[in-house]
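**Q** Input: one structure, supplied below.
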Amino acid sequence: MPIRKFAVPSSEAEIPDFLNAIVLLANFVVIPATAYGAQLALGALGVTLVYSVLRFANFAHGDLMAFGTAATILIVWLFQGWGVSLAPLPTAILALPLGMIITCLLALGTDRFVYRFYRHQRSPAIVFVMVSVGVMFIYNALTRFLIGVDDRRFEDGERFIVTVIGFREATGLDQGLALRTSQVLTVIVMVLVTTAVFWFLRSTRTGKSMRAYSDNEDLALLSGINPDRVVLVTWMLAASLATIAGVLYGLDKSFRPFTYFQILLPIFAAAIVGGIGQPFGAVAGGFIIAFSEVALTYAWRGFLTHILPPDLIPAGLVQILSVEYKFAVSFLILVIVLLVRPTGIIRGRVF
Amino acid sequence: MSRIARPLALYAVMASLIVAVGFIQSWTVALSITNLALISAIMTLGVNIQWGYGGLFNAGIVGFAALGGVAAVLVAMPPVTDSWIAGGTNLGLAGLAILGTIGAAVFVRGRTHGRRRTWATLFTILAGYIVMRIFLDPASDAIEAINPSIQGYLGGLGLPVLVAWPVGGLFAAGAAYLVGKVALGLRADYLAIATLGIAEIILAILKNENWLTRGVKNVTGIPRPIPSERTFQTIGWVSELGHSFGLSPAMTAAIANRLGYALLFLLVLGTILWLAERALNSPWGRMMRAIRDNQDAAEAMGKDVTRRHLQVFVLGSAVVGIAGAMLVTLDGQFTPTAYTPLRYTFVIWVMVILGGSGNNWGAVLGGFVVWYTWVMAEPIGNHLAAALADLLPAGWLRSHILDSAPHLRPFLMGMILLLCLRFAPRGLIPERRAPSTRKPEVN
């Protein structure tokens, strides 16, 4: 196959080389940040749902994600043992519904034996937060009992849709572009799931009663809404979203229980940036956090080499923050939002 | 009467548990547990000041403890002159850049309004940050190149390590002031999330800024305030005293060394406890409780709630910082990777809740009980797993159970926290009720 040349390789380039620059940007910023943003959005959606209906910041959400992922991985192994697969898609997609069911059962059990008591007591939010720390410990221990603390990769099937070499050969560009199956899958699943959740909240009877309950609990109770049912549905949604987010994150990167505690911070930041209790804001917040994180920790030198004339190219990496500080980005955005607009980007009533 | 009898009994039980370790296992182990329990108790006191007095949830204790630990490095380690020569100028310029940025930001904010103000401030800070990096990056490279296997950082001031303890408190207080300024006065859980974030950032800085802390290469050999075990072996009367109890010289020295730390820590704990109790029983303490119990009413009475919260948050964090410096002093080394949120944030919370939030004596007791449990969870977990595994045939499940013994710790901590919140929310030693609601004492 003849290699067509769209652009002169940059080493000989006299003129700025925009196409390579765009591909570079897509490969190292846009694609990873979109996938990461979708994962954060799903996580933040779960946090925000719990916040708006049960009215507390759930510190156990990260470990709920870890548990859901661990359960799914165990089922993946089981399926792999049986030879069941969904090739070229990862087996995890097949195992995901079962993982979600298990996680839902765990969340409902937790609510029955832990949270319900405080709900009936009408305890202040901060007590719920404290309780969720206890639950976090238990989930953490459960996950470790189930699967240990090691790094697990469970991505199988066709790993790439577009490979770097394939892309280079097809386009003749200097810069390669890789598109992983897990990344595309993440975005598709995220779009489907958030659409379904928004439709559910907007159009179904249960969704409407959830909104009513979160808007004004007493009024909702007066008008005959069954609070137990609302809470039940909320936990099922939160647990399912946590499992989906966790599995997609694990497919994209790898599964280690501790990292799921760490992404609690970007998830909280996404929920607050979007206006805590606002489902749409949570999704938007997830993408804002992800894009800022990737853009601020990316070394822009390569990109600038393509678009600037050679004598203007900076000597340094043009990296604003080193990758180790990626969590600082979520925190910075959080601080800015708290200072400038504590209600988040989307104002108004919860939901 | 039971107000004194109950705590006394609980403390006696705790003491006998530690003494039991001394008799059964060894006295050095018992003293090591005591030393760490004393430090935990000080941290717990700090958190109790925030939670018990003010109702503030600090989810970043680990960060404040680590800041205290840095103080021990920066105060007590000898300075590395070569590093200062290599990178001092640029570092000074970077510092000036930070000051300049702050000045410029204040100036810009004075001249702009509304939405433009936000953007102008952000832009000024970003520009200042870039200028700072222009100086900091070469400084950091030059410093890290100096004798990297044992130095590669600036060193400290070479002062006595005890000076680091109040300095650690100051560091933590400074960080707490900044976080509190941003997150207090908003919804209660925002502080929790903001502290979670600041802790994550402090830890990231300590792990990665090698010129300051050597990062993951750790700083070892921090000067000790108590003579080392080897020095104690050379002191005649100590060995003789040990001999009269039938102890070998090495054992005597080990005990003397740990006992020295224990006394030092006890002194600090006693002082902080005394101050905390004084504060609690002063008009200030009553005001804090009033704010905690009914914020709106206190506000209506003219109390500046946000300011008081900031005050109590800074004070509590300072105490945690002091404890963090003491911890590094005890270890004699600074290991940034050792600071995990589970161990230093959430376990401290279990201590506060179990001990009795709002009651300082309870908080101290909680520190002891939970630390003891934490230490004992490992042998108990191994025992349990071994006993359980014995019932099973050799195979996958058996080895899995043996492997999962260490995971008993988080499970136990979670159970203690949940059971305590559910069935004894006021803790082992409940908070004393305010005198006005207590029945007048007959007699």
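**Q** Any chance you could count how many residues in segment B:393-424 are surrounded by 14 or more Cβ atoms within 10 Å (Cβ to Cβ) and either touching a residue at least 40 places away in the same chain (Cβ under 8 Å) or of a type in the set (A, V, I, L, M) (or both)?
**A** 13
**Q** Among (1) in a helix (DSSP H, G or I); (2) within 30 Å of B:D293 (Cβ to Cβ); (3) touching a helix residue (DSSP H, G or I) at 6+ places or on another chain (Cβ under 7 Å); (4) of a type in the set (A, V, I, L, M), where does B:L388 come up short?
**A** (2)
**Q** Any residue at all in segment A:287-296 that is within 14 Å of chain B (Cβ to nearest Cβ), farther than 18 Å from A:A26 by Cβ and touching a residue at least 40 places away in the same chain (Cβ under 8 Å)?
**A** Yes - at least one qualifying residue is present in segment A:287-296.
**Q** Do we have any residue at all in segment B:359-372 that's within 14 Å of another protein chain (Cβ to nearest Cβ) and modelled with pLDDT under 85?
**A** Within segment B:359-372, none of the residues are within 14 Å of another protein chain (Cβ to nearest Cβ) and modelled with pLDDT under 85.
**Q** Still on this model: Six or more apart or on different chains, Cβ under 8 Å: which pairs go from a residue in segment A:137-154 that's over 18 Å from B:W374 (Cβ atoms) to one that's in a loop (DSSP other than H, G, I, E, B) and of a type in the set (K, R)? Could you list them?
**A** Pairs found: A:D150/A:R256; A:D151/A:R256; A:R152/A:R256.
**Q** For A:L173, which of the numbered conditions (1) among the aliphatic types (A, V, I, L, M); (2) in a helix (DSSP H, G or I); (3) touching a residue at least 12 places away in the same chain (Cβ under 8 Å) fails to hold?
**A** (2)
**Q** Moving on. Within segment A:187-205, work out how many residues are farther than 30 Å from A:D17 by Cβ, β-branched (V, I, T) and surrounded by 15 or more Cβ atoms within 10 Å (Cβ to Cβ).
**A** Adding up the residues that qualify gives 4.
**Q** Also: Scanning segment A:166-183 for residues that are closer than 17 Å to A:F28 by Cβ and among the hydrophobic types (A, V, I, L, M, F, W, C), which turns out modelled with the lowest pLDDT?
**A** The qualifying residue modelled with the lowest pLDDT is A:L173.
**Q** Need a quick list: helices (runs of 4 or more DSSP H) entirely within segment A:74-167 having at least 1 residues that are under 21 Å from the mean Cα position of the chain (by Cα) and surrounded by 15 or more Cβ atoms within 10 Å (Cβ to Cβ).
**A** Ranges flagged: A:91-110, A:125-147.
**Q** Separate question: Of the residues in segment A:328-342, how many are surrounded by 18 or more Cβ atoms within 10 Å (Cβ to Cβ) and either at pLDDT below 80 or of a type outside the set (V, I, T) (or both)?
**A** So the count comes out to 6.
**Q** Quick one: is B:L196 more than 9 Å from chain A (Cβ to nearest Cβ) and not in a loop (DSSP other than H, G, I, E, B)?
**A** No.
**Q** Determine which member of the set B:A41, B:A76, B:A72, B:A65 is surrounded by 24 or more Cβ atoms within 10 Å (Cβ to Cβ), modelled with pLDDT of 90 or more and over 29 Å from B:R307 (Cβ atoms).
**A** B:A72
**Q** Does at least one position in segment B:140-162 carry a residue that is buried (at least 17 other Cβ atoms within 10 Å of the Cβ) and closer than 23 Å to B:A105 by Cα?
**A** No, the conditions are met nowhere in segment B:140-162.
**Q** For segment B:322-340, state whether one or more residues are part of a helix (DSSP H, G or I), surrounded by fewer than 18 Cβ atoms within 10 Å (Cβ to Cβ) and hydrophobic (A, V, I, L, M, F, W, C).
**A** For segment B:322-340, residues part of a helix (DSSP H, G or I), surrounded by fewer than 18 Cβ atoms within 10 Å (Cβ to Cβ) and hydrophobic (A, V, I, L, M, F, W, C): present.
**Q** Further, regarding this structure: Given (1) touching a Leu at 6+ places or on another chain (Cβ under 9 Å); (2) touching a residue at least 40 places away in the same chain (Cβ under 8 Å); (3) away from chain A (no Cβ under 14 Å), where does B:T335 come up short, assuming only one miss?
**A** Only one criterion in (1) touching a Leu at 6+ places or on another chain (Cβ under 9 Å); (2) touching a residue at least 40 places away in the same chain (Cβ under 8 Å); (3) away from chain A (no Cβ under 14 Å) is unmet by B:T335, namely (1).
**Q** Inside segment B:239-290, can you point out the residues that are without any contact (Cβ under 8 Å) to a residue 24 or more places away in the chain and either of a type in the set (S, T, N, Q) or not in a helix (DSSP H, G or I) (or both)?
**A** Across segment B:239-290, the qualifying residues are B:S239, B:S244, B:F245, B:G246, B:L247, B:S248, B:T252, B:T271, B:N281, B:S282.
**Q** Let me ask something else. Restricting segment B:122-168 to residues that are at pLDDT 85 or above and of a type in the set (F, W, Y), which is nearest to A:G316 (Cα to Cα)?
**A** Of everything passing the filter in segment B:122-168, B:F135 is nearest to A:G316 (Cα to Cα).
**Q** Please go through segment A:307-327 and pick out each residue that is more than 14 Å from chain B (Cβ to nearest Cβ), outside any loop (DSSP other than H, G, I, E, B) and surrounded by 11 or more Cβ atoms within 10 Å (Cβ to Cβ).
**A** A:I307
**Q** Something else: Pairs under 9 Å by beta carbon, first residue at the interface with chain A (Cβ under 8 Å from one of its Cβ atoms) in segment B:117-134, partner among the hydroxyl-bearing types (S, T, Y) and outside any helix (DSSP H, G or I), six or more apart or different chains?
**A** B:T118/B:T112
**Q** Of the conditions (1) within 14 Å of another protein chain (Cβ to nearest Cβ); (2) under 30 Å from B:D296 (Cα atoms), B:A172 fails just one. Which one is it?
**A** (1)
The values are calculated or read from the model by the stated rules, or taken from the named source; none is laboratory data. Nothing here was measured: the structure is a model prediction, and the numbers come from that model. Heads up, the Cβs are rebuilt from the backbone with ideal geometry, glycines too, and the neighbour counts pull from every protein chain shown.
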